[in-house]
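Down below is the structure, laid out as structure tokens.
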Amino acid sequence: MTPRDWLPALAAVLVLMSPASGGAAAPAERTEKMTFTRPQGPEAAPRVQGAQVAISIQEAVSLALARNFDITIEAFNPRIRENQLSQQKAVFDPALVSQFTTNRAETDTVSSSFTGTQRDLSAQDASVGLTKKFITGADVSLTFQAIRQSLNSTQNTFDPNHQNTTTASITQPLLKNFGVDVNEANIRVAAATRDQSVQTYRQRVIEVVDQVQQAYHDLVFAIDNLEFRRKSLDLAKDLLRRNRIQVEVGTLAPIEITEAEATVAQREVDVITSERDVQEKEDALKKVLNITTDLPSWSIRLLPTDKPGFAAVRLDEMALAMNALRKRADLENSRSEIEKRKVELARARQNLLPQIDLIGSAGNQGLRHHFSDAFDRMSGNQGYSLTGGLTFKYPLGNRDAEAALDTARLQLAQANTVLLQLEQSILEEVRRSVRRVRSDEKRAEATRVARRLAEERLAATEKKFGVGLSTSRDILEDQERLANALTEETRSLVDFSKSKATLDRTTHSSLERFRITLDNPVERAPEANPKTP
């Protein structure tokens, strides 16, 4: 087979390997184009308008998914990493190269080979070709070059003359930089980094869902606590009114009025403090939901419609721990980091080898007075050249490659240790969250009993006060006990709900609890969006 036979075939291969032809510059399983969009709230998400907005916890989660800044910011990273992956794949894209030069020179000469006393040269050189790097490490080029030259030389058979040349060349590493694994290492690392950013995004969504729940329950408690403090203040004022009547009729000492007034003043302070706490908790929820677009919108009142309830839960600690180890995004990121380090280690080992490259080139050439004649001779293979050889390079000592290999080994060992530490931390976090849920469950039961007893005690003290067997101090103390008991009962129910939310975050079950679907960014159609019922 002559160069005339295989040069057109090689040109066809280069064209087929171009992206426009659908050829595979890299393995087929890594040529997918990832599209990524941030999650958006459902159509049923409440519109934030008016002075007051009644909102359930499900609606709050929907608003956060649609508007939260943390989610929006994190959603950019997978797209950025996808572009970086495309940049690594672009190394194997073919490139069109061309060059044109022209030269005109008239120089004095004493040589008899030229007509006249000057050497008169006019030359134009144009070339166009394709270059491509293959995943085996080979660099291949196919170039067509056309040279036109006019020289006042008595030895020229053709003046001007046209020289056309087609040249194919290849440089294929045989040891260092040889093979798919080493040449595709950057693509695999970039793909793993992209996948890590998707998992980090998923983790951010779960964290925001937990933040919404925590802020929502805190606001519920603050509102209920304010109501309790207002009721306590009303009871103190009512007792003050009754004491004044009894002092006027002479059935009660004046000191009782003073003590009741002091209590009213103290409970007014409690109401003021509780009102401030409601505003702060409300602002915290607004920030998570990102519903404040300007200064006036900060005055919107959020009215939670879901109150903390109590329902006993059965927890399987082992199943929850295994669930967390299977679903945690940070664990997936750690495992991806290990895979990246393995790729780096394999490349570092390969770089220890000597660099031995096989080089070869073949070309057809034609030279005639006219361009068309020169092109016919070139395409007819009237003149051709073949070149082949080997190049060798090996740094004495090779300290750079050895240090890179040792670093890669250490980084892999470090990544494995980080994974083990993370697994241990997750197991401890799950156990702590389970204990917190169980403890808050028992506390909710105990505070319910304490609140009922405080109500009965106050009722009994009121009856005694009516027949003169107790004092207003006793009533005030029992009122305070009841207010505290109501607060503690609500706090325990809120803490119970918050601890269950924390457990969901720890085990990454929040998405299932709220039926949130995050589409696979690789498989998702560009117009598709995650959905939250």
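Once both axes come from the Cα atoms, what is the angle between helix 329-350 and the longest principal axis of the chain, in degrees from 0 to 90, rounded to 10?
20 degrees
Quick one: accessible area per residue over the chain, 1.4 Å probe, rounded to a whole number of Å²?
On the way: 28440 Å² over 533 residues.
I get 53 Å² per residue for the chain.
Got a sec to turn the phi values of region 129-146 into Karplus ³J(HN,Hα) couplings, 6.51 cos²θ - 1.76 cosθ + 1.60 with θ = phi - 60°, whole Hz, x for Gly and Pro?
x, 10, 10, 7, 9, 9, 5, 7, x, 6, 10, 10, 9, 10, 10, 10, 10, 10
What's the carbon and sulfur percent of the chain's accessible surface, probe 1.4 angstrom, rounded to a whole number?
54 percent
Which angle from 0 to 90°, rounded to the nearest 10, does the C-alpha axis of helix 69-89 make with the longest principal axis of the chain?
20 degrees
So what's the back-of-envelope 222 nm ellipticity for the chain, counting only DSSP H runs of four-plus at -39500 (n - 2.57) apiece and dividing by all residues, rounded to 500? Don't jump to the answer; show the numbers that get you there.
Details: 12 runs with 298 residues, N = 533.
So the calculated ellipticity at 222 nm is -20000 deg cm²/dmol.
In whole Hz and in residue order, list the ³J(HN,Hα) couplings for region 247-254 that follow from phi through the Karplus curve 6.51 cos²θ - 1.76 cosθ + 1.60, θ = phi - 60°; x for Gly and Pro.
5, 5, 8, x, 9, 8, 6, x
If one takes the longest principal axis of the Cα atoms in the chain, at what angle in degrees, from 0 to 90 and to the nearest 10, does the Cα axis of helix 3-16 lie?
Value to nearest ten degrees: 20.
Pairs of Cα atoms under 8 Å, at least six residues apart: use those to get the relative contact order of region 356-419, whole percent.
33 percent
So how far, in whole Å, is the C-alpha centre of region 406-452 from the one of region 117-148?
Between the Cα centre of region 406-452 and that of region 117-148, the gap is 65 Å.
Suppose we look only past 19 Å in the calculated P(r) of region 108-211. What percent of the Cα-Cα pairs does that tail hold?
Numbers: 3796 of 5356 pairs.
When all Cα pairs of region 108-211 are counted, 71 percent exceed 19 Å.
Take each of the peptides 357-370, 481-494, average the number of other beta-carbon atoms within 10 Å over its residues, and list them starting from the highest.
Per-residue mean Cβ counts within 10 Å order the peptides as 481-494, 357-370.
For a quick check: with amide H placed at 1.01 Å from N, whose amide H comes under 5 Å from ILE55's, ignoring anything fewer than 5 positions away on the same chain?
For ILE55, whose amide H was placed from the backbone, the distant partners under 5 Å are LEU303, THR305.
Along the charge dipole of region 58-101, Cβ charges K/R +1 and D/E -1, which of PHE100, PRO78, ALA66 sits furthest on the positive end?
In region 58-101, that residue is PHE100.
For region 367-489, count the residues as N, evaluate 2.2 N^0.38 Å, and divide the Cα radius of gyration by that value, please.
3.26
Towards the positive end of the charge dipole of the chain, with charges on Cβ (+1 Lys, Arg; -1 Asp, Glu), say which of ASN290, VAL220, THR167 has the farthest Cα.
THR167
Residue by residue through region 466-481, what is 3J(HN,Hα) from phi via Karplus (6.51 cos²θ - 1.76 cosθ + 1.60, θ = phi - 60°)? Round to whole Hz and write x for glycine and proline.
Coupling constants for region 466-481: x, 10, x, 9, 9, 10, 5, 4, 4, 5, 4, 5, 6, 4, 5, 4 Hz.
Given a cut-off of under 8 Å on Cα pairs at least six residues apart, what relative contact order in percent is computed for the chain?
21 percent
What order, most packed first, do the peptides 371-381, 337-347 have when packing is the mean number of other Cβ atoms within 10 Å of each residue?
Descending packing order for the listed peptides: 337-347, 371-381.
Normalise the Debye intensity by I(0) for the chain, one equal point scatterer per Cα, no solvent, then take log10 at q = 0.09 Å⁻¹ and round to two decimals.
Log10 I(q)/I(0), no solvent term: -0.89.
Based on the mean of other beta carbon atoms within 10 Å per residue, what is the order of 311-321, 277-287, most packed first?
Taking the mean over residues of other Cβ atoms within 10 Å, the ranking is 277-287, 311-321.
Would you mind checking which residues have amide H under 5 Å from HIS369's amide H? H placed 1.01 Å from N; only 5 or more apart, or other chain.
HIS162
With charges only on Cβ, +1 for K and R and -1 for D and E, what is the dipole size of the chain about its Cα centre, in debye, rounded to 20?
740 debye
The values are calculated or read from the model by the stated rules, or taken from the named source; none is laboratory data. Just so we're clear, the structure is a prediction, and the values are computed from it rather than from any experiment. Neighbour counts run over all protein chains shown; Cβ positions are idealised from the backbone, glycine included. Just so you know, the surface numbers come from the protein's heavy atoms only, side chains and all, with ligands and any DNA or RNA stripped out. Shrake-Rupley method; radii C 1.70, N 1.55, O 1.52, S 1.80 Å.
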